[in-house]
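Engineer: I'd like to ask you about the structure that follows.
The values are calculated or read from the model by the stated rules, or taken from the named source; none is laboratory data. Just so we're clear, the structure is a prediction, and the values are computed from it rather than from any experiment. We place every Cβ from the backbone using ideal geometry, glycine too, and count neighbours over all the protein chains shown. These accessible areas exclude ligands, DNA and RNA; they are computed on the full protein's heavy atoms, side chains included. Shrake-Rupley method; radii C 1.70, N 1.55, O 1.52, S 1.80 Å.
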Amino acid sequence: MKTPWLSVIGIGEDGVEGLSSLARQIVRQAEFVIGGERHLGLAASLISGQAEPWGSPFSSGVRRVLKRRGRSVTVLASGDPFCFGVGSTLARHIPPEEMLCVPAPSSISWACGRLGWAEQDVRVVSLCGCPIETLVPHLHRTMRLIVLSEDGSTPRKVSQFLTGRGFGPSRIHVMERVGGLNERSRVIVASDEFEDVDPLNLMGIEIEVAPGARMIPLSGGLEDDLFEHDGQITKREIRAVTLSTLAPHPGELLWDIGGGAGSIAIEWMLHHPANRAIVIEKNPLRAARIARNALKLGVPGLKVVEGTAPDVLSGLERPDVVFIGGGLAQVDIFTQARAALPVGGRLVANAVTLEGEAVLSAQYTRYGGTLTRIGVERLDAVGGLHAFRPAMRVTQYATVISEDRL
């Protein structure tokens, strides 16, 4: 086992007084101590080696650490370095056996302790470098959120955002410099007006719902009017069945080929925060619309690729699952999708035209899988009376990629 050359030490607002004896010893003996200006100031009395600020952009600090690989390096970080911290970033470059982490209580732990909330029962959302719409999937009645702020204006922006979406009665606990001598806490109602606060803050939010608030349900098949679209959208009932067939698992990457309004990919990502998706859409207006829908519904990480399939597929990260929309009937798309998928990967395709059904039938004949025809009828007015009007039927093909895919 390799001897760790890198130590990652968590430090809180209580400074060196809050460090364990092991953490203090590591900081004292380090040849290089790298951290934010605030962290270096908190630990200044212990540092005997060369102190270096992390720097900007953030990646410059990572490069500074890697440049000293094999030397005695200590990185100072806020609280628990592996809880929304620098530890996970460094772990992408440095094997765990080369790193020793000594965490302190995270700001999340401090906040839950102050509020009397069970940490395992809250949802943690970081707005550091993320749009405020990231909150949207978590806005449910009686939900408790811990929200990590980007700066002193974040609580005010969050209160305005909540009020604008119908969550004005929500209670926001604004906690500044939690765990330190200058800690301050206050409680506001989201609909209240208030000024910016200390840049080092986080929030505990108790979600309350006003009449007319729009919450994103946990079920598949969101209402069509939640999406901006021009008619090119997988309709709600078909989308629910399609998502069931796609069978999302945490952390999987979906290709949504022929995105339309992006509804399949967006709901795929809403199923789990680790899920990712790439939408391929050739129409620039629709591509822009998909990006707006993703932001509005709280999945800003959706990647939209403007281009024509199969031309743009070869340059994309390989997927775990592929969905091919109803207007695409080119055999080449299926060939590339099968080649890109791993063994055990899933391929689902919907068709509404005779030509599309012919392609799906040929895929079924050659590779096996399942073919399902889905029909939906909705009540509609016929003069002064009512009748069920059938929508276009959708033929759905689904298969799991095997070793003999070709």
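Engineer: Among (1) of a type in the set (Lys, Arg); (2) at pLDDT below 95; (3) within 17 Å of residue 137 (Cβ to Cβ), there is one condition residue 296 misses while meeting the rest; what is its number?
Structural biologist: (2)
Engineer: Now a separate question. If you go through segment 83-96 one residue at a time, do you hit one that is on the phi > 0 side of the Ramachandran plot and open to solvent by 20 Å² or more (accessible area, probe 1.4 Å)?
Structural biologist: As a first pass, look at segment 83-96 and keep what is on the phi > 0 side of the Ramachandran plot: 84.
Next cut, open to solvent by 20 Å² or more (accessible area, probe 1.4 Å) only: 84.
Yes, that holds for at least one residue.
Engineer: Sticking with this one: Among the listed residues 250, 211, 169, identify the single one that is open to solvent by 70 Å² or more (accessible area, probe 1.4 Å), at pLDDT 95 or above and out of contact with any Pro (no Cβ under 6 Å at 6 or more places or on another chain). Outline the logic, then answer.
Structural biologist: Numbers: 211 fails: at pLDDT 95 or above; 169 fails: open to solvent by 70 Å² or more (accessible area, probe 1.4 Å).
That would be 250, the only listed residue that is open to solvent by 70 Å² or more (accessible area, probe 1.4 Å), at pLDDT 95 or above and out of contact with any Pro (no Cβ under 6 Å at 6 or more places or on another chain).
Engineer: All but one of (1) more than 17 Å from the chain's Cα centre (by Cα); (2) surrounded by 21 or more Cβ atoms within 10 Å (Cβ to Cβ) hold for residue 293; state the number of the condition that does not hold.
Structural biologist: (1)
Engineer: How about segment 362-395: which of its residues are under 16 Å from residue 244 (Cα atoms) and either of a type in the set (Ser, Thr, Tyr) or part of a helix (DSSP H, G or I) (or both)?
Structural biologist: 370, 372, 395, listed by residue number.
Engineer: Would you be able to say whether some residue in segment 131-142 is modelled with pLDDT of 95 or more, surrounded by fewer than 17 Cβ atoms within 10 Å (Cβ to Cβ) and assigned to a loop (DSSP other than H, G, I, E, B)?
Structural biologist: yes
Engineer: Now for a separate question. Among the residues of segment 339-390, count how many are closer than 14 Å to residue 401 by Cβ, touching a Ser or Thr at 6+ places or on another chain (Cβ under 7 Å) and open to solvent by less than 50 Å² (accessible area, probe 1.4 Å).
Structural biologist: Adding up the residues that qualify gives 4.
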